[in-house]
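What follows is a single structure, written as C-alpha cells, with notes after it.
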Amino acid sequence: MDDKNRMENILMLEKSVCDLYMHGTIESSTANVHKAFHCALDDSLKMQDAVYDKMSAKGWYPTENAEAAKIQAAKEKFRMN
C-alpha cells in the first residue's frame, strides 16, 4: 500500500469517527457526556482537516470549482421564503 492509499484510508476513518462523535453529541443525555463527545468531535475535525491539507498539498485530493450557474441554482432551490 502506498502513501496515497494510506492517507485516503486515514481520511475515510476520520470522517467515520466524526460521524459517530457527531451523533454522540446530538444524542447525549447529560452535559458531561455532551461535552466529552463535542470535544472528541472537535479534535477529530481538526485531524481530518490536517489530513486533507496534506493530501491536497500533494495533489492527492483534487477539487474543482463549482460553476456559478450551479451555485445560483442551488441557492434558489433551497432559498427560504
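The values are calculated or read from the model by the stated rules, or taken from the named source; none is laboratory data. A quick note: this is a predicted structure, and the numbers were derived from the prediction, not measured. Heads up, the Cβs are rebuilt from the backbone with ideal geometry, glycines too, and the neighbour counts pull from every protein chain shown. The protein model used for the area step is the full one, side chains on, heavy atoms only, and it has no ligands, DNA or RNA in it. Shrake-Rupley method; radii C 1.70, N 1.55, O 1.52, S 1.80 Å.
What the table below lists for this structure:
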{"quantity": "Hits in segment 57-75 - residues which are among the hydroxyl-bearing types (Ser, Thr, Tyr) and surrounded by 10 or more Cβ atoms within 10 Å (Cβ to Cβ)", "calculated": "Tyr61"}
{"quantity": "Cross-chain or 6+ apart pairs with Cβ under 8 Å, segment 55-74 first and within 18 Å of Asp2 (Cα to Cα), then modelled with pLDDT of 95 or more and in a loop (DSSP other than H, G, I, E, B)", "calculated": "none"}
{"quantity": "Residue satisfying condition, being more than 16 Å from the chain's Cα centre (by Cα), part of a helix (DSSP H, G or I) and without any contact (Cβ under 8 Å) to a residue 60 or more places away in the chain, within set Ala50, Ala40, Ala36", "calculated": "Ala36"}
{"quantity": "Tally, over segment 1-49, of residues that are open to solvent by 80 Å² or more (accessible area, probe 1.4 Å), polar (S, T, N, Q) and under 25 Å from Pro62 (Cα atoms)", "calculated": "1"}
